[in-house]
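**Q** Pasting in a structure now, in structure tokens, and then I'll have a few things to ask.
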Amino acid sequence: MAEADIDAVSAVRVRGWQAAYPGLMPQAYLDAMDVAQDAARRREWFARRRPEVWELVAERAGRVVGWSAAGPARDADLTRDGGNPTGDELAPDEGELPAGRRPSAELLALYVAPELLGTGVGRALLDAGTLRARSLGYGALYLWVVRGNARAQRFYERAGFVPDGAEEASDVGGRRVPELRYRRPLP
């Protein structure tokens, strides 16, 4: 992703939320989402982004139609030392990592233009992100899915992700929205 992609990425992200989450998040929150506001926040974030986070875009005929972001694990139980992805201790469930291997990477976001769902764009982004994580030495990839988002759950399960039992809830527009964590090893 380049800075020039920000407006298009924001449009994909906002439209993706509005298509994926009716009934799962407050409708007033979804209706109030604004592409220009999202792009302004994304520009601020882009200017100070961490180099270990990678963002990818999918294009068709020169138009951004999908976006994903991934980076080192943020969940303390999936990092080597409970918070520092470059620490020396392994999380209890990571086992012995071979030399040069890192613990888990996190898929932070993956959105596709709603009219292109089911066309392979999301799978191409997921495959490219997985390849990047593997090439950087990560031993696993994980992500969070909103509970009840059956389409996303099926998509990730077909790609080899399984729920690992972790659950959390985020506040979205004054409502607690439950999420399930999915993981997949990167052999």
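**Q** Can you find even one residue in region 51-62 that is over 23 Å from Arg181 (Cβ atoms), among the β-branched types (Val, Ile, Thr) and in a strand (DSSP E or B)?
**A** Yes, because at least one residue in region 51-62 is over 23 Å from Arg181 (Cβ atoms), among the β-branched types (Val, Ile, Thr) and in a strand (DSSP E or B).
**Q** Need a quick list: strands (runs of 3 or more DSSP E) entirely within region 119-187 having at least 2 residues that are without any contact (Cβ under 8 Å) to a residue 12 or more places away in the chain.
**A** Result: 162-172.
**Q** Look at Gly139 and say whether it is surrounded by fewer than 16 Cβ atoms within 10 Å (Cβ to Cβ), touching a Lys or Arg at 6+ places or on another chain (Cβ under 9 Å), over 24 Å from Pro26 (Cβ atoms) and not β-branched (Val, Ile, Thr).
**A** Working: surrounded by fewer than 16 Cβ atoms within 10 Å (Cβ to Cβ): no; touching a Lys or Arg at 6+ places or on another chain (Cβ under 9 Å): yes; over 24 Å from Pro26 (Cβ atoms): yes; not β-branched (Val, Ile, Thr): yes.
Answer is no for this residue.
**Q** Considering only helices (runs of 4 or more DSSP H) fully contained in region 1-50, which possess at least 1 residues that are of a type in the set (Ser, Thr, Tyr) and within 19 Å of the chain's Cα centre (by Cα)?
**A** In region 1-50, 6-20 are the helices (runs of 4 or more DSSP H) which contain 1 or more residues that are of a type in the set (Ser, Thr, Tyr) and within 19 Å of the chain's Cα centre (by Cα).
**Q** Mind checking whether some residue in region 45-55 is within 24 Å of Val121 (Cα to Cα), charged (D, E, K, R), touching a residue at least 24 places away in the same chain (Cβ under 8 Å) and touching a Ser or Thr at 6+ places or on another chain (Cβ under 6 Å)?
**A** No, region 45-55 contains no residue that is within 24 Å of Val121 (Cα to Cα), charged (D, E, K, R), touching a residue at least 24 places away in the same chain (Cβ under 8 Å) and touching a Ser or Thr at 6+ places or on another chain (Cβ under 6 Å).
**Q** Please enumerate the residues belonging to region 131-187 that are among the polar types (S, T, N, Q) and over 16 Å from the mean Cα position of the chain (by Cα).
**A** Step one: list which residues in region 131-187 are among the polar types (S, T, N, Q), which gives 135, 149, 153, 170.
Scanning region 131-187 gives a single hit, Ser135.
**Q** Identify the single condition in (1) over 24 Å from Gly139 (Cβ atoms); (2) crowded, with 16+ Cβ neighbours inside 10 Å that Asp34 does not satisfy, given that it satisfies every other one.
**A** Only one criterion is unmet by Asp34, namely (2).
**Q** Now a separate question. Could you please tell me which pairs satisfy a Cβ distance under 7 Å, a separation of 6+ or placement on different chains, a first residue in region 1-23 that is within 11 Å of Arg43 (Cβ to Cβ), and a second residue that is acidic (Asp, Glu)?
**A** So the pair list comes out as Ser10/Asp38.
**Q** Residue check: is Ala166 farther than 28 Å from Ala8 by Cα and at pLDDT 95 or above?
**A** yes
**Q** Looking only at region 28-44, decide whether some residue is acidic (Asp, Glu), modelled with pLDDT under 95 and either within 25 Å of Thr130 (Cβ to Cβ) or touching a Cys at 6+ places or on another chain (Cβ under 7 Å) (or both).
**A** no
**Q** Then there's this: Considering only region 87-122, how many residues are crowded, with 16+ Cβ neighbours inside 10 Å, at pLDDT 95 or above and not hydrophobic (A, V, I, L, M, F, W, C)?
**A** 3
**Q** I would also like to ask the following. Looking for something of a type in the set (Gly, Ala, Ser), under 19 Å from Leu24 (Cβ atoms) and touching a Phe, Trp or Tyr at 6+ places or on another chain (Cβ under 6 Å) - is there at least one such residue anywhere in region 168-178?
**A** yes
The values are calculated or read from the model by the stated rules, or taken from the named source; none is laboratory data. These numbers were taken from a predicted model, which means no experiment stands behind them. Note: ideal-geometry Cβ built from the backbone for every residue, glycine included; neighbour counts use all protein chains shown.
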